[in-house]
Amino acid sequence: MAWDFSTEPEFEEKLAWMREFVREEIFPFETLSLSHDAMVDAVKPLQDEVKRQGLWASHLPPELGGGGFGQLRLGLMHEILGQTVYGPWVFGNNAPDSGNAELLAVGIENSGREGHRKQWLEPLLAGTMRSAFSMTEPGAGADPTMISTTAVRDGDEWVIDGHKWFTSNGSVADFLIVMAVTNPDVHPYAGCSMIVVPADAPGVDIVRDVPTMEDPVEHYGKFGGHAEIIYREVRVPYDNLIGNEGEGFLLAQNRLGPGRIHHCMRWLGQSKRAFDMLCERAVSRTTHKTTLAEKQTVQNWVADSLAEMTAARLMTLYAAWKMDREGASAARVEIAMIKYYGAGVLYNVIDRSIQVHGSLGFSTDLPLESMYRAARAARIYDGPDEVHKVTVARHTLKLYTPVEVPTEHVPTRRLAAKERFAHLLEAATANA
Ligand SMILES: Cc1cc2nc3c(=O)[nH]c(=O)nc-3n(C[C@H](O)[C@H](O)[C@H](O)COP(=O)(O)OP(=O)(O)OC[C@H]3O[C@@H](n4cnc5c(N)ncnc54)[C@H](O)[C@@H]3O)c2cc1C
């Protein structure tokens, strides 16, 4: 098996173009407090340029209008786009729309419900519709088998009842993908389904965008908000089912695997930005007669941050490479590992960068404080650290069998070695 850490020159050229474009054309928007509608107008010419470059919605296969890049190249791309919250939006692959488009595509393949293509998938890809993924409930989060939202079939319709929250972009979405129990008589892994619900369907009550650490002031209808939603006897056509009945968890798994790799690469983009700020400040600020760069603690932060980011990057690229070769299921442990490891690195690097900047780092004169608040959520969304660690530990421990005596027990090994090499020992004793 070859190990190759190089990027094809043609793709490297695209990456170089993206680096420049993101820094020069997208970063400036961060400093303006534009309304959502103004931002939609402002990013339009940038989105057109991305389309001209053939980089729009690259997460999808060419037959669906994407670049067919595969996870490894997508990962490298997300590392650049993730430096700014607007990057993925301008490139047509922002969460949750990108994952939802993949879900719809897989659903069409599984069910043959071609109508979804024109109705939901194509507008989503074109950026003329927005979507949200409505799975988490106040009572069912890290353990989604506790989901209590139900969808009951009534003739040609589903009737949906339930209470969700943290449906990101729910208050600005045109449609919501709702995970609901459709068969309560079997294990949830086989009894949940995903159903498309138009946001304006009667009975959809978008209660609020939950104020969070990321955005403590309550706004309604904000891109990036996390909506609390009550579904009261919401009726939608039966054909709004994605895939087949009972495939909810299977589809969720397919959606979350690549999504996590992209999250991790976006975090690396954020980490690198915080790291660049850390280093720039270290060589610029003099205190107690030397620059910060000459203090050993700061040198430790630089060295530790670089090592951690490099490790996270290699782990993420390895997970992407494995997924491209063997599929999401085979890369499950690698994906779980980068989810908690990458989130920790992101958090640590931003924290050190804030520390190096002192009060300036704590102020809103730098983007670090908002990056820090957003980074905290990375340890929770798409499954908290602890759950991913359980996955890694379980799979790893399955490779081991219990023993009476530890395999490495020296006295036991010595006895075995004495028996095996008795002739040598006898010869050695005889010669003595
Ligand atoms: C910013 C943000 C955006 C989100 N966007 C979406 C979205 O678009 N759609 C959506 O459906 N959901 C979304 N979520 C919800 C997210 O997926 C859940 O928060 C997550 O799955 C954890 O569920 P919970 O918050 O209910 O925590 P709980 O289930 O209450 O868990 C709380 C804590 O318990 C501990 N814990 C749980 N299980 C275990 C275990 N097995 N072993 C050890 N410890 C454990 C962990 O420390 C965990 O943090 C979002 C969340 C955030 C913060």
| remark: Expected output for region 391-415 (first residue closer than 30 Å to LEU425 by Cα, partner surrounded by 11 or more Cβ atoms within 10 Å (Cβ to Cβ), Cβ below 7 Å, 6+ apart or cross-chain) is VAL405/THR412
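Residues are listed down the side, and each one gets a yes or a no for (1) touching a Phe, Trp or Tyr at 6+ places or on another chain (Cβ under 8 Å); (2) at pLDDT 90 or above:
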| site | (1), (2) |
| --- | --- |
| VAL40 | no, no |
| ASP48 | no, yes |
| GLN71 | yes, no |
| GLU79 | no, yes |
| GLY82 | yes, yes |
| PHE91 | yes, yes |
| GLU102 | no, no |
| HIS116 | no, yes |
| Among (1) in contact (Cβ under 8 Å) with a residue 12 or more places away in the chain; (2) assigned to a helix (DSSP H, G or I); (3) surrounded by fewer than 20 Cβ atoms within 10 Å (Cβ to Cβ) - the single one GLY54 does not satisfy | (2)
| task | Starting from residues that are part of a loop (DSSP other than H, G, I, E, B), surrounded by fewer than 18 Cβ atoms within 10 Å (Cβ to Cβ) and not polar (S, T, N, Q), keep the ones in region 313-332 and report whichever is modelled with the highest pLDDT. | result | ALA330
| query | Do you know which of the residues in region 207-248 that are among the aliphatic types (A, V, I, L, M) and out of contact with any strand residue (DSSP E or B) (no Cβ under 8 Å at 6 or more places or on another chain) is modelled with the lowest pLDDT? | reply | VAL217
| field | Residue among ARG266, ARG255 that is in contact with a strand residue (DSSP E or B) (Cβ under 9 Å, 6 or more places away or on another chain), crowded, with 20+ Cβ neighbours inside 10 Å and assigned to a helix (DSSP H, G or I) | value | ARG255
| Members of region 90-113 found to be in contact (Cβ under 8 Å) with a residue 12 or more places away in the chain and more than 15 Å from the ligand (Cβ to nearest atom), listed by number | VAL90, PHE91, GLY92, ASN93, LEU104, ALA105, VAL106, GLY107, ILE108, ASN110, SER111, ARG113
| query | Of the residues GLY170, GLY191, which single one is out of contact with any helix residue (DSSP H, G or I) (no Cβ under 7 Å at 6 or more places or on another chain) and more than 15 Å from the ligand (Cβ to nearest atom)? | reply | GLY191
| Just to be sure, is VAL283 among the β-branched types (Val, Ile, Thr) and under 29 Å from LEU121 (Cβ atoms)? | no
| message | Can you go through ALA432, ALA416, ALA393 and tell me which one is among the hydrophobic types (A, V, I, L, M, F, W, C) and either closer than 30 Å to PRO28 by Cα or modelled with pLDDT under 95 (or both)? | response | ALA432
| So how many residues does region 368-420 have that are near the ligand (Cβ under 9 Å from one of its atoms) and either in a helix (DSSP H, G or I) or exposed (fewer than 13 other Cβ atoms within 10 Å of the Cβ) (or both)? | 9
| Single residue of LEU317, LEU268, LEU292, LEU306 found to be farther than 24 Å from GLY361 by Cα and aliphatic (A, V, I, L, M) | LEU317
| task | Scan region 76-89 for residues that are farther than 24 Å from PRO9 by Cα and either more than 16 Å from the ligand (Cβ to nearest atom) or without any contact (Cβ under 8 Å) to a residue 12 or more places away in the chain (or both) and jot them down. | result | THR84, TYR86
| Search result, residues across region 57-91 that are aliphatic (A, V, I, L, M) and assigned to a helix (DSSP H, G or I) | LEU64, LEU72, LEU74, LEU76, MET77, ILE80, LEU81, VAL90
| message | Would you confirm, using the coordinates I've provided, whether ILE242 is buried (at least 19 other Cβ atoms within 10 Å of the Cβ) and in contact with a His (Cβ under 9 Å, 6 or more places away or on another chain)? | response | yes
| With respect to GLU228, is the statement that it is farther than 20 Å from LEU251 by Cα and in contact (Cβ under 8 Å) with a residue 60 or more places away in the chain true? | yes
| said: Condition first: surrounded by fewer than 19 Cβ atoms within 10 Å (Cβ to Cβ) and within 9 Å of the ligand (Cβ to nearest atom). Can you find one or more residues in region 150-163 that meet it? | reply: no
| said: Among the residues that make up region 355-378, is at least one of them β-branched (Val, Ile, Thr), touching a residue at least 40 places away in the same chain (Cβ under 8 Å) and at negative phi? | reply: yes
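The values are calculated or read from the model by the stated rules, or taken from the named source; none is laboratory data. The structure displayed is predicted, hence computed values, not measured ones. Glycine gets a Cβ as well: all are built from the backbone with ideal geometry, and neighbour counts include every protein chain shown.
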